[in-house]
1. Can you go through Ile107, Ile170, Ile129, Ile147 and tell me which one is of a type in the set (Val, Ile, Thr), out of contact with any Phe, Trp or Tyr (no Cβ under 6 Å at 6 or more places or on another chain) and in contact (Cβ under 8 Å) with a residue 40 or more places away in the chain?
2. Regarding Gly175, is this residue assigned to a loop (DSSP other than H, G, I, E, B), over 26 Å from Ser222 (Cα atoms) and touching a strand residue (DSSP E or B) at 6+ places or on another chain (Cβ under 7 Å)?
3. Restricted to segment 105-118, and to residues that are at pLDDT 95 or above and touching a His at 6+ places or on another chain (Cβ under 7 Å), which residue is farthest from Met154 (Cα to Cα)?
4. Consider only pairs whose beta carbons are under 7 Å apart and that are at least six residues apart or on different chains; among these, list those whose first residue lies in segment 62-84 and is touching a residue at least 60 places away in the same chain (Cβ under 8 Å) and whose second residue is within 16 Å of the ligand (Cβ to nearest atom) and among the β-branched types (Val, Ile, Thr).
5. Could you identify the single residue in Gly182, Gly198 that is at pLDDT 95 or above, within 18 Å of the chain's Cα centre (by Cα) and not in a loop (DSSP other than H, G, I, E, B)?
6. Among what's in segment 67-77 and is in contact with a Ser or Thr (Cβ under 7 Å, 6 or more places away or on another chain) and farther than 17 Å from Gly182 by Cα, pick the residue that is nearest to the ligand (Cβ to nearest atom).
7. If we scan segment 149-158, do we find a residue that is among the hydrophobic types (A, V, I, L, M, F, W, C), at pLDDT 95 or above and not in a strand (DSSP E or B)?
8. Taking segment 201-226 on its own, how many of its residues are in a loop (DSSP other than H, G, I, E, B) and within 14 Å of the ligand (Cβ to nearest atom)?
Amino acid sequence: MNPIRVTVWNEYRHERTEEAVARVYPEGIHNCIAAFLREAGFAVRTATLDEPEHGLTQEVLDDTDVLFWWGHMAHGEVKDEIVERVYRRVMDGMGMVVLHSGHASKIMQKLMGTNSGELKWREIGEKEILWAVSPSHPILRGLPEKIVIEHEEMYGEFFNIPDPDELVLISWFGGGNVFRSGLCYKRGLGKLFYFRPGHESFPIYYQKEVKQILINAANWASPAQLPTITTGHTPQPIVEPAR
Ligand code: ZN
């Protein structure tokens, strides 16, 4: 079987402008994620904001089963025509894994149909505990029911986002806030997983449980099993109509 084709998209600005972030992700967040996905057997490419067409040409998207998205400080610089192009591919079945601050990206807002940028946040490096609330979900395969991240940015409810089709993980933070941290949505023929952790100044994407969740999410979101779908006027009956 052909490997699942993953494109890891990163805005790639913090790592080039902030020394503290560059120390955590010297090759950029995208290359960190790409490396462990590659090791897990996926066919992985990366794309970044400052490449022509943000690295997301029609050819690249047509050759992508699952698109990972990390963005934060430059959501507004993502061109609307590229957002539309990604949106069309999701409607046609491409999977998406939206990470951390990607909740406020143009593509997430378009896919959610709401202003999903609204939430509480605080950056004091407090402890986060992720709890499995759907333990049999394929995204949690091989994982414990409780995942501790020692230092993270806090995101707190209320998170203004449509109710997910499946709620997989919730977070507790040391400061007492809670958050829906692992959310599954179907949009068109595509599947989307939103995963909260991943602030740029903490080494979140090196943690083994986080890697496993993202590997599982790539498998889950892949449209590899998608049958050919037809719609519209259907002149030929599937069986002989009863008379
Ligand atoms: Zn952050």
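The values are calculated or read from the model by the stated rules, or taken from the named source; none is laboratory data. All values derive from a computational prediction rather than experimental measurement. Quick reminder, even Gly has a Cβ in these numbers, built from the backbone with ideal geometry, and neighbours come from all protein chains shown.
1. Of the residues listed, the single one that is of a type in the set (Val, Ile, Thr), out of contact with any Phe, Trp or Tyr (no Cβ under 6 Å at 6 or more places or on another chain) and in contact (Cβ under 8 Å) with a residue 40 or more places away in the chain is Ile147.
2. Criteria met by Gly175.
3. Here the answer is Lys106.
4. Phe68/Ile33; Trp69/Val98; Trp70/Ile29
5. Within the list Gly182, Gly198, the selection yields Gly182.
6. My answer is His72.
7. Our first condition is that a residue be among the hydrophobic types (A, V, I, L, M, F, W, C); within segment 149-158, this holds for 149, 154, 158.
Subset that is at pLDDT 95 or above: 149, 154, 158.
Remaining after also requiring not in a strand (DSSP E or B): 158.
The answer is yes, given that some residue of segment 149-158 is among the hydrophobic types (A, V, I, L, M, F, W, C), at pLDDT 95 or above and not in a strand (DSSP E or B).
8. 3
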